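Engineer: Please see the structure below; I have some questions.
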Amino acid sequence: MIIGSALLLLIFLFPLWRISLDAPQFPEGINMYIWVNQVTGDDEATLQNVNILNHYIGMQKIEPDSIAELQYFPYIIVAMSVIGILFGVVGNKKLILTWVIIMSILGILGIYDFYLWLYDYGHNLDPMAPIKVPGMVYQPPLFGSKWLLNFHAHSYPAMGTYVLSLSVLMAIGAYFIKGKKGDSNEKAA
Amino acid sequence: MRTKLFILLAIVVSLGMMGCESKEEGGGGNKGMIGSNAAEKVYVAPGEHDEFYAFMSGGFSGQLSVYGLPSGRLFKVIPVFSVDGEKGYGFNEETKPMLETSHGFIPWDDSHHPELSQTDGVPDGRFIFINGNNTPRIAKIDLKSFETTEIIEIPNSAGNHSSPFTTQNSEYVVAGTRFSIPITETDVSIKDYKEKFQGSLTFVSVSDDEHGDMAIDFQILVPGYDYDLAHAGKGPSHGWMFFTTYNTEQAHTMKEVYASQNDKDFIAAVNWKKAQEYLKAGKFREMPANYLNNEYSEKTHTAVSKRETSVRVLIPEECPGLIYYLPTPKSPHGVDVDPTGEYIVGNGKLSADLTVHSYTKMMKAIENKSFEKEIDGIPVLKYDEVVAGVVEKPGLGPLHTEFDDKGFAYTTFFISSEVVKWKVGTWEIVDRIPSYYSVGHLMIPGGDSRKPWGKYLVSLNKITKDRYLPTGPELAHSAQLYDISGDKMELILDFPTIGEPHYAQAIKADVIKDNSLKYYKLDENEHAHVTKSEAETRVERNGNKVHVYMTTIRSHFAPDWIEGIKVGDEVYFHVTNLEQDWDVPHGFAIKGARTAELLIMPGQTETLKWEPTQVGVVPIYCTDFCSALHQEMQGYVRVHPANANVELSWGLGEDDE
């Protein structure tokens with residue numbers, strides 16, 4: 001449980017999600033990474049380049065500084081990690097279960113929030129956009145691949161999400177181990 | 001008599017009656033023997049990369065071209081000594097200083113010999129140097145950006161032909177005077193050539209860092225001959241530089257005859273390590289000079305000219321052991337040192353044979369003082385004591401030799417229009433193949449280094465005649481690619497070149513391609529008039545000078561309309577390309593500009609000076625097809641009468657109006 005909760009902090013080192021765009025003029029591909037606290041690209045200029053491409057179809061600029069979630073999500077993660085470690089030390093089964101449930105709800109909310117952002121980027125288009133394709137929306141898939149005009153967009157979870165999942169799985173593991181062995185040495189998990 | 005015969009032959013060739021020794025080997029008439037798999041050997045499929053970069057001099061175009069081998073595809077023409085409207089080189093305010101000289105701004109030169117920088121005698125892909133022949137200069141091109149980043153003028157020189165050959169670690173690139181002149185330059189009678197004219201051999205140091213800054217370290221004053229070509233020693237002969245001479249007759253007129261009389265001219269062997277000792281010991285003279293050193297900074301995106309006022313000069317008479325002459329038959333053109341550093345080939349262009357000197361023998365002759373005579377303090381070594389061997393009757397008019405990695409040498413013959421392969425050490429001829437026509441230099445990738453990539457050979461030909469579709473009186477020069485991986489040379493490709501490809505160099509693409517710059521970082525742009533965001537764009541007036549701080553990004557200029565400019569104003573458009581992506585330059589052109597366009601790389605700032613002469617509204621537009629809305633990337637500048645009383649105004653988009 002303690003390790004699982006501590007593991008949570010590792011998601012500051014890995015992106016949660018990866019959206020990549022393929023087009024003939026971009027043989028090297030364009031990759032964007034969504035982290036718990038930032039949005040990055042292959043290099044420091046990627047976001048600017050994506051924004052330049054997006055402005056032709058009237059998409060809003062992706063500006064990480066204006067995405068509030070990126071500001072407060074890190075605190076939630078740190079808090080959950082600290083709480084998880086405390087729960088682990090206390091070693092109460094119910095507390096562990098509570099932690100798992102809260103984490104799962106947070107995870108689902110997080111993905112739903114991400115979906116809302118993607119929906120907003122894809123649908124909320126500038127009516128003055130130079131390129132308007134009737135009926136066309138540009139929402140990247142949450143999970144999977146999709147053609148958006150000349151770009152083939154792919155969106156999949158990245159290492160951070162796997163770490164987060166592992167963290168929750170370990171907590172679930174701790175819950176069950178504790179169920180079998182009683183109160184004595186759950187800290188090992 | 002022999003001399004006259006050769007001249008006659010040369011005239012015959014130039015009249016166009018090809019002396020076709022080649023016919024017997026030509027197979028298919030004069031089209032060349034093409035193997036059935038030649039196409040396969042040069043085919044680089046669409047999207048695939050070539051194996052080698054080839055850098056070919058532009059000759060009288062003054063530029064340097066970049067080709068791929070084996071495909072022969074042209075990638076880029078790098079402007080060096082000549083203005084280039086396409087890139088705004090020499091037209092925009094930033095690059096104008098690159099072409100400044102002690103004579104003022106010069107928009108053209110004649111560039112002959114590209115030379116890659118070396119480490120341990122092997123091309124290292126950091127820089128390539130090239131000489132300006134007419135107004136003596138050496139340029140340095142950075143192989144990260146493929147842009148000319150420095151040009152240094154050579155004082156006390158005329159006809160900078162034996163240049164810019166490099167030493168083993170690019171400690172120096174050199175510059176020898178093809179035309180001797182009175183030094184320092186004064187107006188003496190041309191008839192006083194023998195008494196008053198001198199040559200100079202200049203050693204330009206190259207700093208051992210990412211900038212490779214050039215500076216003149218020293219010059220050696222030498223007798224008034226024509227110093228033709230050069231090559232450095234390598235391996236055991238590292239520390240020596242060899243220069244060919246002709247016109248040791250010291251003729252000042254009708255040189256084609258009078259400068260072709262002596263049976264032997266010289267190869268000058270300069271011990272530059274000795275020169276460094278003399279410099280350290282203070283045995284130099286400080287001579288007044290006047291020359292410019294122009295450097296382009298990739299931080300400020302701007303070139304600056306610096307004037308230098310003196311050079312350190314060494315006089316052979318005062319510096320024993322500094323320089324020796326090796327007698328070499330008949331007006332040797334190229335001097336080429338084999339990969340081991342032992343053999344020094346003198347390509348006596350009017351000689352029937354090819355002379356090869358031995359470095360070991362030369363050192364022994366120096367030790368034994370086997371001198372024939374002394375000229376102005378320069379000992380002339382005895383010919384028999386230095387010659388290693390002779391390639392007998394290889395062809396007519398030998399010019400240049402390069403080497404492969406299997407112990408063979410390849411020499412070009414201008415008059416008999418062929419390349420001859422011979423074995424270093426035994427001096428036997430093993431193969432010969434015609435070139436179409438009249439080959440000058442040849443190039444094997446790394447072929448003048450310690451480690452040639454002996455797979456291809458390129459002959460650089462002066463005459464093409466019937467080889468391509470005719471284009472009026474002026475025809476392309478050509479490069480011909482030979483496969484030299486087998487025993488027999490095989491012609492596999494023939495392609496036209498820009499200007500006159502005097503010499504070329506090539507290097508494995510892998511050495512360079514991963515270092516190639518994709519764009520300049522805007523954060524690091526230190527241009528004096530940079531505009532780093534659209535919020536900072538503005539127009540400022542200072543008297544009749546108007547500075548426009550403009551930006552470009554797909555697909556608009558900011559600002560894209562300007563009013564308040566008057567006839568008689570001096571308008572400077574400082575345009576910063578805000579893009580930070582590969583291959584997204586923007587162009588900038590304005591009607592009536594008497595300069596050229598700007599072609600601004602991502603992250604770069606360039607300045608166009610515009611002096612409107614007519615009242616009206618003139619458009620500006622992007623010239624480089626940047627995006628789907630490139631055609632919309634345009635704007636207007638309103639020009640008022642000279643006496644109008646108007647304020648400047650500008651903007652972008654409806655909100656600004």
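Engineer: Taking residue B:609 as meeting all but one of (1) away from chain A (no Cβ under 14 Å); (2) buried (at least 17 other Cβ atoms within 10 Å of the Cβ); (3) within 35 Å of the chain's Cα centre (by Cα), write down the number of the exception.
Structural biologist: (2)
Engineer: Looking at (1) within 14 Å of another protein chain (Cβ to nearest Cβ); (2) touching a strand residue (DSSP E or B) at 6+ places or on another chain (Cβ under 7 Å), can you tell me which one residue A:156 breaks?
Structural biologist: Result: residue A:156 passes all but (1).
Engineer: A follow-up question, please. Which ones in the range B:545-602 are charged (D, E, K, R), away from chain A (no Cβ under 14 Å), crowded, with 18+ Cβ neighbours inside 10 Å and part of a loop (DSSP other than H, G, I, E, B)?
Structural biologist: B:560, B:569, B:597, listed by residue number.
Engineer: What number of residues within the range B:207-248 are polar (S, T, N, Q) and assigned to a loop (DSSP other than H, G, I, E, B)?
Structural biologist: Of the residues in the range B:207-248, 3 are polar (S, T, N, Q) and assigned to a loop (DSSP other than H, G, I, E, B).
Engineer: Any idea which residue in the range B:386-418 is surrounded by the fewest Cβ atoms within 10 Å (Cβ to Cβ), counting only those that are of a type in the set (A, V, I, L, M) and more than 21 Å from residue B:504 (Cβ to Cβ)?
Structural biologist: Within the range B:386-418, the match that is surrounded by the fewest Cβ atoms within 10 Å (Cβ to Cβ) is B:390.
Engineer: Search the range A:123-144 for residues being aliphatic (A, V, I, L, M) and farther than 23 Å from residue A:155 by Cα, and hand back the single one that is nearest to the other protein chains (Cβ to nearest Cβ). Walk me through it before giving the result.
Structural biologist: Of the residues in the range A:123-144, the ones aliphatic (A, V, I, L, M) are A:125, A:128-129, A:131, A:133, A:136-137, A:142.
Now narrow it down to the ones that are farther than 23 Å from residue A:155 by Cα: A:128-129, A:131.
Numbers: A:128: 10, A:129: 11, A:131: 7 Å.
In this case the residue turns out to be A:131.
Engineer: Can you tell which of B:486, B:446 is surrounded by 19 or more Cβ atoms within 10 Å (Cβ to Cβ) and assigned to a loop (DSSP other than H, G, I, E, B)?
Structural biologist: Matching residue, one of B:486, B:446: B:446.
Engineer: Further question: Residues B:331, B:305: which one is under 30 Å from residue B:94 (Cβ atoms), touching a residue at least 60 places away in the same chain (Cβ under 8 Å) and of a type outside the set (D, E, K, R)?
Structural biologist: Working: B:331 fails: under 30 Å from residue B:94 (Cβ atoms).
Result: B:305 is the single residue among B:331, B:305 that is under 30 Å from residue B:94 (Cβ atoms), touching a residue at least 60 places away in the same chain (Cβ under 8 Å) and of a type outside the set (D, E, K, R).
Engineer: Taking the range B:612-633 only, how many residues are away from chain A (no Cβ under 14 Å), among the polar types (S, T, N, Q) and under 18 Å from residue B:653 (Cβ atoms)?
Structural biologist: 0
Engineer: Another question, if that's okay. What are the pairs, 6+ residues apart or on separate chains, where a residue within the range A:41-60 that is at the interface with chain B (Cβ under 8 Å from one of its Cβ atoms) has its Cβ under 6 Å from a residue that is outside any helix (DSSP H, G or I) and surrounded by 18 or more Cβ atoms within 10 Å (Cβ to Cβ)?
Structural biologist: Listed by first residue and then by second, the contacts come to A:45/B:580; A:48/B:580; A:49/B:581; A:52/B:554.
Engineer: It is to be established whether one or more residues within the range B:55-69 are buried (at least 22 other Cβ atoms within 10 Å of the Cβ), of a type in the set (Gly, Ala, Ser) and free of Cβ contacts under 8 Å to residues at least 40 places away in the same chain.
Structural biologist: no
Engineer: OK, next. So residue A:72 clears everything in (1) exposed (fewer than 15 other Cβ atoms within 10 Å of the Cβ); (2) within 14 Å of chain B (Cβ to nearest Cβ) except one condition, right? Which one?
Structural biologist: (2)
Engineer: Let me ask you something else. Working only within the range B:262-289, note down all residues that are buried (at least 21 other Cβ atoms within 10 Å of the Cβ), in contact with a Ser or Thr (Cβ under 7 Å, 6 or more places away or on another chain) and among the aliphatic types (A, V, I, L, M).
Structural biologist: Within the range B:262-289, B:267, B:268, B:289 qualify.
None of the figures in this text is laboratory data; all of them are computed from the coordinates on show. None of the values given here were measured: they were computed from a predicted structure. Neighbour counts are summed over all protein chains in view; Cβ atoms, including those assigned to glycine, are modelled from backbone coordinates with ideal geometry.
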